[in-house]
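Values quoted throughout were computed directly from the atomic coordinates according to the rules given, and no laboratory measurement underlies them. As the structure is a prediction and not an experimental result, all values here were calculated from the model. Neighbour counts are summed over all protein chains in view; Cβ atoms, including those assigned to glycine, are modelled from backbone coordinates with ideal geometry.
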Amino acid sequence: MTSKLSSYLTEKLLSNGTISDEDKDLYIYGLFMLISHLIFFIIACIFGLILGCIFESIIFYIAFQFIRRYAGGYHASTETRCEIFSTLSILACIIIIKLSNTYDFQTVLLIITILSSVCIFVFSPLDTPEKPLSEKEFKYFRKVSCLILFVIVAAIIVSYFFKFRIVTVPCCLSLILESILLAVGKFKRVSKNNNVKT
C-alpha cells in the first residue's frame, strides 16, 4: 500500500515537471520512508490514546525510530509482513508501557535494557543484503548509532533517578525492541550464510 502510494505521488510530481526522471527512484524511496514513518507514528498515537498513555507512546516511537534508523536490524521479506509485524510490535510495547503504570516491573525492564544495550552496541549497524553498507557508511552508521544509544541510555538513567516514568519505560522498550530486531536480523544472516556454505 505504502509503496503504491509513494509511486503514485512520484508519478504526479513527474507529470507536473516538478522532478526529473532520473530522480524518480530517489523520490519513491524518500516518500515511502516519509509515509511509513507518518503512518506508524499515527498508529502509535492511536494505540496510546486508546490505552491512555499517549505521551509515553510518542516518546517510545521517536526513541525507537532514531535508534532503528542507524542501528538497522531485521526486515520482513514483504511490505505486508513488515506492516503487520511493525504494528504488532508497536502495540506490544505500548501495552507493556500501560501495564508498567499498574505493575512495578521497572527493575526487570532496566536489567533487560542493559542486556539490550550491549546487544545494540555489539551488532549495530546491521545492513541488509539488498542495501549493503560501504565501509565508509558502516563507520558513519556505527558512530551515529552508538551516539544515539548513549543519549537514550543517559535519558533512562536520569529519568529513573528523578522517578520520571513517562521517559524511563518508553526509552527502555525502544532499546529492547531494537535489540530483538538486531538479534533476529543477525541470526537470519548467519543461518543464510551457513545454508549457502552447505
Requested in this report: Pull up all non-local amide H partners of residue 72: gap of 5 or more, or a different chain, and H-to-H distance under 5 Å with H placed in the peptide plane.
Outcome: 126
Requested in this report: Output the pairs from 131/188; 24/143; 4/24 with a Cα-Cα distance over 25 Å in this structure; if there are none, say none.
Outcome: 24/143
**Report entry** Structure-based [θ]222 nm, the chain - -39500 (n - 2.57) summed over DSSP H runs of at least 4, per residue, nearest 500
**Finding:** -28500 deg cm²/dmol
Query - region 113-189 shape via C-alpha gyration tensor axes, a/c threshold 1.5 - result: prolate
Report summary line: Simple SL model, points at 7 angstrom along Cα→Cβ for residue 135 and residue 108; separation in nm is 4.6 nm
Requested in this report: Give the shape of region 50-164 as rounded, prolate or oblate, defined through the alpha-carbon gyration tensor: a ≥ b ≥ c are the square roots of its eigenvalues, a/c under 1.5 means rounded, and otherwise the shape is prolate if a/b is larger than b/c and oblate if not.
Outcome: oblate
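Per 0.36 nm of contour for each residue apart, how much would the distance between residue 180 and residue 87 grow if the chain were fully extended, relative to their Cα-Cα spacing?
Values: separation 93, 0.36 × 93 = 33.48 nm, distance 1.53 nm.
Here the answer is 31.9 nm.
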**Report entry** Potential lengthening between residue 115 and residue 14 on full extension [0.36 nm per residue; Cα-Cα distance subtracted]
**Finding:** 31.6 nm
Report summary line: Nearest-0.05 FRET efficiency for residue 150 and residue 38 at R0 = 25 Å, using Cβ-Cβ distance, is 0.35
Query - Among [x] 24; [y] 34; [z] 41, the entry derived from the coordinates for percent of Cα pairs over 28 Å apart - result: [y]
Requested in this report: State to the nearest 20 debye the size of the charge dipole of the chain about its Cα centre, where the only charges are +1 on K and R beta carbons and -1 on D and E beta carbons.
Outcome: 560 debye
Query raised in the report: For the residue pair residue 25 and residue 142, what label-to-label distance in nm results when each label sits 7 Å from Cα along the Cα-to-beta-carbon direction?
Result: 2.7 nm
**Report entry** Relative contact order of region 54-192, pairs being alpha-carbon contacts under 8 Å that are 6 or more residues apart, as %
**Finding:** 47 percent
Query raised in the report: What angle do you read, to the nearest 10 degrees and between 0 and 90, between the alpha-carbon axis of helix 54-71 and the longest principal axis of the chain?
Result: 60 degrees
